[in-house]
Amino acid sequence: METKFIFVTGGVVSSLGKGIISASVANLLKARGYRVTIQKFDPYININPGTLNPYEHGECYVTIDGHEADLDLGHYERFTNVTTTRANNVTTGRIYKHVIEKERRGDYLGKTVQVVPHITDEIKRRMKALGNTGNFDFVITEIGGTVGDIESLPYIESVRQLRWELGHNCVCIHLAYVPYVAAAKELKTKPTQHSVKKLQEMGIQPDVLVLRTEKDIPADVRRKIALFCNVAPDAVVQSIDVPSIYEVPVKMQEQHLDEIIMRLTGVEVKGEPDMAPWMQFLNKMTSAEKDVKIGIVGKYVELPDAYISIKESLFQAATYNDRKLKVTYIQSEKLNESNVADKLKDMDGVIVAPGAGQRGVEGKNIALKWCRENDVPTLGICLGMQCMAVEFARNVLGIADANSTEIDPTTANKVIDLMDEQKSVTTMGGTTRLGSFDCVLRPNSKVAKIYGSQTIKERHRHRFEFNNEYLEKFEQNGMQCVGINPESKLVEVIEMPEKRWYIGVQFHPEYSSTVLSPNPLIVDFVKAAIAYGEEK
Ligand code: GLN
C-alpha cells in the first residue's frame, strides 16, 4: 500500500493534547495491523529541547539513537510500542541549520535562499522522509504550536503544498477547543470556526475536526460546526476530558476516527482494530481499588510534566500490579534532616529523580539516607543513582567530603566524576552520553532477576559517571555494582542486596516503559513498594 500521511494541527489554544490524539490515532491504526510512526515538528529555534529548562518545556525525552526530544515522543512510544528516532522530531532550528550549512557550501548555486521555497522544501523533505523508507503505512505528523502563530507558518505552508503532491494519500486533522461558557450555559463553537477559517486562509481545508471539550457536544452543535467549517458531519469528532489519557484511543474508536481516516485515504475498511490487550490494561486500571503511594523527590516538582515519563511508567507499573497510583512530588530543595521523616514516612516507595546542577541535591542525599536507614523501597534514577553513591560513600564508608564533581568540582573524593574523554568538550550537550547502551548484569543480582536477562539495553542522558576507583570499597561494604557497560566498564547499576529494594540506575528505565510493555524494573519497584506498604 502507498504510504499515507496524516497531519495534525491545533487551533484556539495550546495544550489541547495534539500529542495524545496523534498517539491515539496511531494506536488504532497499529491495532489494525498497519505499520505506523508519528513525528513532531516543533516551531522553535532550539536545535532540540536538550538545552530547554524543564520548567519551560517539561521533560526532555531521549530516543534510542540518542536524540533529545520533545516529551510528546514519549507519548507516541507509550501508546504505540514503536520506538522513535531523531527523524521523528524536527525543530525550526534544525531545518535552518541544515539550509544555512547548505548555503555556506554553495549548494544553492548563487540563488537567493528564502523561506519559500528553500525552508519549506527542507520541511517537506523531512515530513516525507520516514514515509520514503518504505517501513510505514501511515506517517502521522504533529505540527507543534497553534495555527496563526508566526513561527508555524512555514510548516502550515509545507502541509498546504504536500496536500497537492500527495493527493488522496494525505489527511489533515485539526484540533480545536469548544469552551463551555457557564454564564450562558452553552458550548461555544465560534473559536473553532475562527481557527478553521485561519487554516483555510492559509490554504488548508481540514478533513477531520477533533473538538476538545469538557462537556458532551450534542449532535446538532457538531452538525453546525461541520456546516460552517466545510467538514463532513461524521468527520467531526469530540474528545471529551477523560480520567486517563489511555482511554482516548477507545473514545476515538467509538467515533470511528480510524475508519474516517482510512476512507479518506482510500484504504478499505475491514474488521475492527484488535484492542484486546489495550482493553485488558484499561480494565485493570479501572478495577484497581487499593492505592500504592510513591514519592518522587526532585527539584522540578512544581511542574509534574518535568517527570512525565517517570509518572507514566509508575502508572503502568501500578496498573499491572492492580493498584491505583498515588504520586506525591517532594521538593528536594526543601528537605532537611528534621522534616525528612515527616515528608517520606507515608510513602510505600521513593524515587529519587534525575536532574542536573546543584539545586536540591543535598535534599536528595538526605532523602536517600533516610530511605536506606529505614529500608524503604528506593529507586535512584540517573542523578538519583549518583546521589545514592555519594550518600553511601559519606555515611557508610565515612568519606565525609565524597561528592560528584558536578556539585563540587574541588572535592578530594570524586565518587562521581566526568569521564576523561569528556573533560575537554565545551559545546552545549556535546559531552552528554545519550541513547541506548548495553549493560551487562551480574548473574544472581536482584536486577538481573528482575529483568530476567543478563544483558539489557536502556537509554542514557548524563555526563557524569560512577568513579571505578571506589568500586571495591563500595562492594566490600554492601553496595554492589551489578550493572556494567561492556565496552567502557562504566558502572550503570548499584544495589544493596541486604535491603528490601534499594537500586540505583545510571540509565532511565522510564523512557522504555510503554502501556503494553511496561519496564520490568519499575514494575518490580512498585511491587516491592506494595509489599512494604502492606507490611507497614
Ligand atoms: N547531571 C547528571 C549528569 O550529567 C545526571 C543527569 C541526569 O540525571 N539525567 O551526569
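The values are calculated or read from the model by the stated rules, or taken from the named source; none is laboratory data. All of these numbers come straight from a predicted model, not from anything done at the bench. We place every Cβ from the backbone using ideal geometry, glycine too, and count neighbours over all the protein chains shown. The protein model used for the area step is the full one, side chains on, heavy atoms only, and it has no ligands, DNA or RNA in it. Shrake-Rupley method; radii C 1.70, N 1.55, O 1.52, S 1.80 Å.
Things to note:
- Residue that is touching a Phe, Trp or Tyr at 6+ places or on another chain (Cβ under 7 Å), within 16 Å of the ligand (Cβ to nearest atom) and either of a type in the set (A, V, I, L, M) or farther than 30 Å from Lys345 by Cβ (or both), where the choices are Val491, Val523: Val491
- Of the helices (runs of 4 or more DSSP H) lying entirely inside the stretch 176-293, the ones with 3 or more residues being closer than 30 Å to Val523 by Cα and of a type in the set (S, T, N, Q) are found at 276-287.
- Residue list for the stretch 115-144, restricted to those being part of a loop (DSSP other than H, G, I, E, B), open to solvent by 30 Å² or more (accessible area, probe 1.4 Å) and in contact with a helix residue (DSSP H, G or I) (Cβ under 9 Å, 6 or more places away or on another chain): Thr133, Phe136
- Of all residue pairs spaced 6 or more apart or on separate chains, those with beta-carbon atoms under 6 Å, a first member in the stretch 60-73 that is closer than 13 Å to His508 by Cβ and a second member that is open to solvent by 10 Å² or more (accessible area, probe 1.4 Å) and among the polar types (S, T, N, Q) are Thr63/Thr85; Ile64/Thr83; Ile64/Ser436; Glu68/Asn48.
- Which numbered condition Ala306 misses (of (1) in contact with a helix residue (DSSP H, G or I) (Cβ under 9 Å, 6 or more places away or on another chain); (2) closer than 30 Å to Lys190 by Cβ; (3) among the hydrophobic types (A, V, I, L, M, F, W, C)): (2)
- Scoring Val181 on the criteria (1) over 29 Å from Arg126 (Cα atoms); (2) open to solvent by less than 50 Å² (accessible area, probe 1.4 Å) leaves a single failure, condition (2).
- Looking only at the stretch 355-372, and only at residues there that are more than 16 Å from the ligand (Cβ to nearest atom) and touching a residue at least 60 places away in the same chain (Cβ under 8 Å), the one that is most open to solvent (accessible area, probe 1.4 Å): Arg372
- Applying the criterion of being at negative phi and without any contact (Cβ under 8 Å) to a residue 60 or more places away in the chain to the residues of the stretch 164-177, the residue that is most open to solvent (accessible area, probe 1.4 Å) is Trp164.
- Search result, residues across the stretch 1-59 that are assigned to a strand (DSSP E or B) and of a type in the set (S, T, N, Q): Thr9, Thr37, Gln39
- Boolean, Asp375 is more than 16 Å from the ligand (Cβ to nearest atom), touching a Gly at 6+ places or on another chain (Cβ under 7 Å) and under 17 Å from Lys293 (Cα atoms): no
- Condition check for Glu475: modelled with pLDDT of 95 or more, acidic (Asp, Glu), crowded, with 21+ Cβ neighbours inside 10 Å and away from the ligand (no atom under 16 Å from the Cβ): no
- Residues that are away from the ligand (no atom under 16 Å from the Cβ), in a helix (DSSP H, G or I) and open to solvent by less than 10 Å² (accessible area, probe 1.4 Å), drawn from the stretch 312-354: Leu314, Gln316, Ala317, Ala318, Thr319, Val340, Leu344
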